[in-house]
Amino acid sequence: MAKPHVFITGASSGLGAALARAYAQRGAALGLLARRADKLQELAQSLDGSIAACYAVDVTDFEALRNALQRHLQDYGCPDIVIANAGVSAGTLTEIAEDLAVFQEIVQTNLTATVATFQPFIDAMKARGSGTLVGIASVAGVRGLPGAGAYSASKAGVMAYLESLRLELAPFGIRVLTIAPGYIDTPMTRHNPYPMPFLMPAETFAEKALRVIAQQKKMSVIPWQMGWVARLLRWLPITCYDWLFTRAPRKPRRDSGTATKR
């Protein structure tokens, strides 16, 4: 069985690095993209036996992102699996003018960059008649969380976008998969000042993610316990939800105007 060719964004740390290591252990050929060139090269050098083409690009620089992805297509061909994993998280408050820039950054990184990541590969996948596009959403996208309007909105948008794309590309043999993590132990979550139920190591998440990608599961919540939480939240009446979550702990803001990226 041929080893997969996998392209991952947000690969320098957190979920992206864990996914890269898990695929490398299976002999996959990797394309890795992230903002931090030093961390990316450090990761690539640690992946014994894998072909790791690295691109130091911020996914919100859409022109640079497109150029890097087109270069990868020209040099290595079309990946079998593309994982749009790059993400950013921060608390935001609508009444604070400075948070508008943070809100924009979060939506661009989490949602718009997912579109920009997939776009260059779709024609090549259509021509081949196969391919898998994987978007990383979040349980936080199921309902709006107080103090996290930007993050919840961006991840809800990712889930709706991936559903639309799944329907659009199904006739061409292209699979679109949604993975919604719960709380995973990464640099992004370590600044959360509240309990995180069912917290999972990133390496464990990666192994489970590879399994659901191989199974071509259209929608997955990892860990599974958070899947039940997501179902409960989705069907909870508005009055009950408001009563339970109005005073819920909040994701910290970034006073500097920047958010925590993976």
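Where does the chain land at 222 nm, in deg cm²/dmol rounded to the nearest 500, when only DSSP H runs of n ≥ 4 count, each adding -39500 (n - 2.57), divided by all residues?
Computed mean residue ellipticity for the chain: -14000 deg cm²/dmol.
Take the chain, mark every one of the GluC sites (Glu not before Pro) that falls in a DSSP loop and has at most 14 other Cβ within 10 Å, then report the longest stretch left between them, sites excluded.
The reported range is 99-262.
Between residue 131 and residues 5 or more places away or on another chain, which pairs have amide H atoms under 5 Å apart, with H built 1.01 Å from N, and which residues are they?
HN-HN under 5 Å from residue 131: 175.
Please report, in whole Å³, the volume per residue of the convex hull around the C-alpha atoms of the stretch 5-137. Numbers along the way, then the final one.
Numbers: hull volume 14.0 nm³, N = 133.
Expressed per residue, the convex hull around the Cα atoms of the stretch 5-137 is 105 Å³.
Which value results for Rg/Rh of the chain when Rg is the Cα radius of gyration and Rh the Kirkwood radius based on the inverse mean 1/r?
Across the chain, the Cα-based Rg/Rh ratio is 0.96.
Show which lysines lie in cross-link reach of residue 251 when reach means a straight Cα distance below 22 angstrom and same-chain residues fewer than eight apart are skipped.
155, 261
Just tell me which aspartates and glutamates come within less than 20 Å, Cα to Cα, of residue 126; anything on the same chain fewer than 8 places away is out.
Hits, sequence-local ones excluded: 75, 80, 163, 168.
In debye, nearest 20: dipole of the stretch 1-158 around its Cα centre with unit charges on the Cβ of K, R (+) and D, E (-)?
Taking the Cα centre of the stretch 1-158 as origin, the dipole is about 600 debye.
State the extension gain, in nm to one decimal, for the chain segment bounded by residue 247 and residue 124, taking 0.36 nm per residue of separation less the distance between their alpha-carbons.
39.5 nm
Can you compute the modelled spin-label distance between residue 204 and residue 67, with each label point 7 Å from Cα toward Cβ, in nm?
That separation, rounded to one decimal, is 4.3 nm.
Using the alpha-carbon atoms, what tilt in degrees (0 to 90, nearest 10) does helix 37-46 show relative to the longest principal axis of the chain?
So the inclination is approximately 60 degrees.
Shape verdict for the stretch 86-199, please, from the Cα gyration tensor: rounded (a/c under 1.5), prolate (a/b greater than b/c) or oblate.
Because a/c hits 1.5 or more and a/b exceeds b/c, the stretch 86-199 counts as prolate.
Which part of the stretch 143-159 falls in the paramagnetic zone of residue 98, meaning amide N under 15 Å from the point 7 Å along Cα-to-beta-carbon?
Answer for the stretch 143-159: none.
Read-outs throughout are calculated quantities, based only on the coordinates presented, and are distinct from any laboratory measurement. If you're wondering where the values come from, they're calculated on a predicted model, not measured in any experiment. Every residue, glycine as well, gets a Cβ built from its backbone with ideal geometry; the counts of neighbours run over all protein chains shown.
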